Structures are given as structure tokens and as C-alpha cells.
Amino acid sequence: MKKFIYCETPFQVIVALCIKEQFCKKEDIVDIFIADTFSGYDKIATNLRKANIFNKVIEVKVKDIVYAKKIYQFILRLFYIFFPKVLIKRRITKDFDVYDEMYCWNYYLVTASIRSYYAFRKHRLKVFMFEEAYISYLPIDEVIPVRGFLKLLEIRNRLCGISYAIRKNIDGLLLFEPENIIYKPSCKIYKINRDIFNKKEFKKTIDDIFNVGDALKKYDKKYIIFEEAMFANDPEIDDERIIDKIIDIVGKDNVIIKLHPRTSEDRFSKKGIKTLGSDGIPWEALTCVGDFSDKVFITISSSSITTYKTIFGNKIKAYMLFKFIKPNLIAFDSKYAEFWEKFGVITKEGGVCMPNNEEEFFGKLTEEVKKGK
């Protein structure tokens with residue numbers, strides 16, 4: 001059987017390695033597609049080739065149409081919807097194989113076009129969507145609605161007699177914690193086995209692929225604060241005041257702020273606080289190889305916390321502050337409270353605290369600092 005795994009982030013590459021281990025047989029031919037949608041994608045692709053884990057490592061050039069900003073890029077999107085073969089030949093590879101299964105995190109323009117290409121050739125390509133942090137546990141059609149170009153593509157498919165080639169008709173969903181899902185998908189759910197993360201040879205593979213190496217030495221402080229994309233989305237959010245107060249309590253010499261890749265402004269280094277930007281090494285690779293059991297994580301709702309727990313099953317000490325910060329984001333709508341409640345259950349003994357208000361949080365943090373001293 002021939003399969004390929006489509007990846008758009010370093011985290012997805014790690015999940016791809018798990019899929020290759022668990023859901024592929026030795027006799028299967030498995031390729032991996034690495035999209036140019038993240039920094040250092042080409043280096044990771046090169047390291048994957050050296051590791052000789054996949055049959056082929058194919059670099060996919062789609063960043064300009066995925067994140068289209070110019071008119072001609074939107075025109076290209078429209079063109080590729082009606083001519084998916086051209087998208088494949090120009091953006092993926094001229095020697096596109098006949099695959100039996102596709103694994104991806106999101107069924108959208110690129111992956112949907114690949115499936116449509118096969119459907120027009122009367123070949124049924126099975127589609128499995130895999131975990132991409134907590135968003136995969138929420139109703140995807142509400143978080144990422146079928147609209148715009150994807151809606152047009154699905155209408156085209158129905159009109160052309162391949163109505164099965166739409167997002168609701170996928171063959172499976174792969175998750176690390178299936179019991180945390182808050183809706184009932186129409187497809188079968190498969191549990192990803194995380195025992196692989198305990199294997200020394202797997203840790204070595206992750207280290208080699210992502211060049212973790214000395215990057216771990218940068219995390220030499222007890223408290224790690226994860227900045228999120230909210231500042232980029234909504235500059236009015238009051239996160240800086242909260243972070244400043246945290247630093248007053250724990251001390252600036254004990255803190256690292258991990259900046260979000262989408263923020264263009266480093267608000268904290270000028271205050272004498274250690275910050276770390278994006279170096280192309282995914283957080284999941286760092287935590288897979290390194291030991292963070294003595295650290296305290298603080299975040300509003302960063303998936304770095306949820307993935308650390310759901311993927312590795314590690315006990316951690318962390319604070320998530322989303323309950324008393326009110327950003328205008330769909331993931332914080334009350335309809336998703338069920339996921340956070342379920343996540344709270346699996347992390348109760350693992351040390352993840354979700355305070356209801358500032359007073360509760362700062363009280364707990366102050367008490368912890370006193371105990372630590």
C-alpha cells in the first residue's frame with residue numbers, strides 16, 4: 001500500500017513519525033510531504049532524507065497560495081481548484097504517484113485538491129486527519145468553516161459527480177486523547193500510541209531531525225511564559241500587565257518568555273527579561289528530548305501546554321489563564337468549555353491549574369514562590 005503524510009508545521013512532522021510507526025506496515029511505501037509554510041522546512045526535509053525513514057521526502061511549494069495576499073495569488077487558488085492536476089505538477093512533484101491513503105491535519109485547498117485529482121481519475125483516496133493540538137478536539141467545521149475557495153471546490157465536486165470528495169467524508173481521525181473530543185465525528189477515531197516517545201532511539205531521531213542539541217540549554221529558568229498570537233490579533237489585550245505582575249512575583253532572573261512567531265515586536269527584552277524567539281525547533285521536539293519536569297509553564301491558552309500533556313502524558317506544573325482573560329477568539333467561546341473541562345480532568349494530578357480570576361492565580365503563584373524559596 002502506498003501512503004503519504006502531508007505536513008505544514010514541525011509539530012506535524014513529529015506526528016507523522018508516530019503515524020509511520022503505528023499505522024504503517026513494513027511493506028507499505030510511505031512518503032512525506034513537507035510544505036514551505038514554516039521556517040527551516042528545507043533543513044528538516046534534508047534531515048529526514050538522511051534519516052531514511054520515509055520512501056520519499058517531497059518539498060511542497062504552496063506558501064504563497066496558502067497565505068495569499070495578492071490578487072494574482074487568489075487567482076492562482078481559483079485556477080488550481082478547477083485544475084488540481086496543475087497544482088500537483090507545479091507545486092508538489094511532476095512524478096506524482098498513485099497513493100492509497102493520505103494523512104493530513106486539515107482538509108483544505110491543497111489536500112482537498114489532491115483528493116479531487118484522484119476522484120477525477122476514478123481512484124478512491126482514503127483520507128485520515130491527524131491531531132494538530134487542541135483544535136483537533138473541537139468541531140472543525142465551526143473552527144475552520146468550509147467556505148470561500150474550499151466551498152467552491154466542494155460545489156464543483158458535487159456538480160462533477162464526485163460528491164464523496166468533501167471534508168465531512170473522511171475515513172478517520174487520529175488523536176492522542178480521543179476521550180477529550182467534544183463532538184461526534186462521522187468517521188472512526190483512532191488513538192495514537194505515545195509510548196514511542198519513551199524510546200531512546202526515537203528521541204535520538206527527533207534530536208537529529210530538528211537539531212535540538214544546545215537549544216535546550218537556553219531554557220535555564222524555572223518559569224517559562226508562552227506568549228500567544230493574541231497580541232498580534234488584538235493589540236488591546238491586557239496580557240502585558242499580567243506578565244509584568246508575574247515577573248514582579250517570581251523575579252525577572254527566574255523567567256523566560258517564549259515569543260510567539262507571529263508577533264513582530266519583542267515587548268519584554270527591553271525590560272531586561274530573557275526572551276526566546278522562533279529558531280525553527282518545535283517546542284514538542286524540545287520537550288521530547290529534554291526534561292522540563294522542574295519547570296513551571298504559564299500561558300493564556302497556548303497549545304504548547306495541551307500538547308505537552310496530551311502527547312507525552314507528562315506530569316507538569318502549569319497555569320492556564322484563559323478563564324479570566326476575554327479575547328475575541330472562537331476557541332474561548334463557552335461552547336468549547338467542555339474541552340477545557342475534559343482537559344482539566346486528565347491534568348488534575350499532573351499539576352495544570354486553571355484559575356478563575358486574577359486573585360486566585362496570583363495568590364497561588366505567590367504561595368508557590370514562597371515554598372520554592
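No lab work stands behind these numbers, since they all come straight from the coordinates. Computed from a predicted structure; not experimentally measured. For neighbour counting, all protein chains shown are included, and Cβ atoms are generated from backbone atoms with ideal geometry for every residue, glycine included.
Where the eigenvalues come from the Cα gyration tensor of the stretch 87-150, what are the semi-axes √(5λ) of the equivalent ellipsoid, largest first, in whole Å?
So the equivalent ellipsoid measures 23, 13, 11 Å along its semi-axes.
Based on Cβ point charges of +1 for Lys and Arg and -1 for Asp and Glu, what charge dipole magnitude is obtained for the chain about its Cα centre, in debye rounded to the nearest 20?
Approximately 1280 debye in magnitude.
Please give the charge dipole size of the stretch 2-198, origin at the Cα centre, charges +1 on K and R Cβ atoms and -1 on D and E Cβ atoms. Round to the nearest 20 debye.
880 debye
Of the listed peptides 242-254, 94-106, 264-276, what is their order by residue-averaged count of other C-beta atoms within 10 Å, with the highest listed first?
Highest to lowest by the protection proxy: 94-106, 242-254, 264-276.
Taking the chain as the reference, fit the longest principal axis to its C-alpha atoms, fit the long axis of helix 41-51 to the helix C-alpha atoms, and give the angle between the two in degrees, 0 to 90, nearest 10.
So the helix axis and the longest Cα principal axis differ by about 80 degrees.
Using R₀ = 30 Å, calculate the FRET efficiency as 1/(1 + (r/R₀)^6) where r is the Cβ-Cβ separation of residue 163 and residue 52; round to 0.05.
After rounding to 0.05, the efficiency reads 0.15.
Restrict the search to the stretch 6-90; then list the GluC sites (Glu not before Pro) that DSSP places in a loop and that have at most 13 other Cβ atoms within 10 Å of their Cβ.
Sites meeting the loop and neighbour criteria: 27.
Quote to one decimal, in nm, the extra length available between residue 156 and residue 293 on full extension: 0.36 nm per residue of separation minus the C-alpha distance between them.
Extra length from residue 156 to residue 293 when fully extended: 44.2 nm.
With point charges of +1 on the Cβ of Lys and Arg and -1 on the Cβ of Asp and Glu, referenced to the Cα centre of the chain, which listed residue (75, 130, 255) lies farthest in the positive direction of the dipole?
After comparing all options, I get 75.
Summing +1 for each Lys or Arg and -1 for each Asp or Glu, what net charge is found among the other residues whose Cβ lies under 12 Å from the Cβ of residue 140?
-2
Can you list the residues, at least 5 places off or on another chain, whose amide H is less than 5 Å from the amide H of residue 353, using H built in the peptide plane?
Close amide H contacts, sequence-distant or interchain: 318, 319, 320.
In the structure shown, do any of 20/188; 43/218; 221/270; 199/364; 20/43 have a Cα-Cα gap over 30 Å, and if so which?
199/364
For the pair residue 184 and residue 59, what calculated FRET efficiency results from E = 1/(1 + (r/R0)^6), where r is the Cβ-Cβ distance and R0 = 41 Å, to the nearest 0.05?
0.65
Angle check, please: helix 358-372 long axis (alpha carbons) against the longest principal axis of the chain (alpha carbons), in degrees 0 to 90, nearest 10.
So the helix axis and the longest Cα principal axis differ by about 70 degrees.
Starting from the eigenvalues of the Cα gyration tensor, five times each then square-rooted, give me the equivalent ellipsoid semi-axes of the stretch 136-276, largest first, whole Å.
Those come to 39, 24, 15 Å.
Rounded to whole Hz and in sequence order, give me ³J(HN,Hα) for the stretch 112-122 from the Karplus expression 6.51 cos²θ - 1.76 cosθ + 1.60, θ = phi - 60°, writing x for Gly and Pro.
Working through the residues one at a time gives 5, 5, 4, 5, 5, 4, 5, 4, 5, 8, 6 Hz.
In whole Hz and in residue order, list the ³J(HN,Hα) couplings for the stretch 173-180 that follow from phi through the Karplus curve 6.51 cos²θ - 1.76 cosθ + 1.60, θ = phi - 60°; x for Gly and Pro.
So the Karplus estimates, Gly and Pro as x, are 10, 9, 9, 7, 10, x, 5, 8 Hz.
Under 5 Å between amide H atoms, partner at least 5 residues away or on a different chain: which partners does residue 59 have, H built in plane at 1.01 Å?
Sorted by chain and number, the residues that satisfy this are 34.
Once both axes come from the Cα atoms, what is the angle between helix 71-82 and the longest principal axis of the chain, in degrees from 0 to 90, rounded to 10?
Helix 71-82 sits at roughly 50 degrees to that axis.
Just want the answer: with Cβ charges of +1 for Lys and Arg and -1 for Asp and Glu, which residue in 322, 112, 365 is farthest toward the dipole's positive end in the chain?
Towards the positive end, the residue furthest out is 112.
Find which of 162, 57, 37 sits farthest along the positive direction of the dipole of the chain, computed with +1 on the beta-carbon of Lys and Arg, -1 on that of Asp and Glu, about the Cα centre.
Projecting each Cα onto the dipole axis, the largest value belongs to 162.
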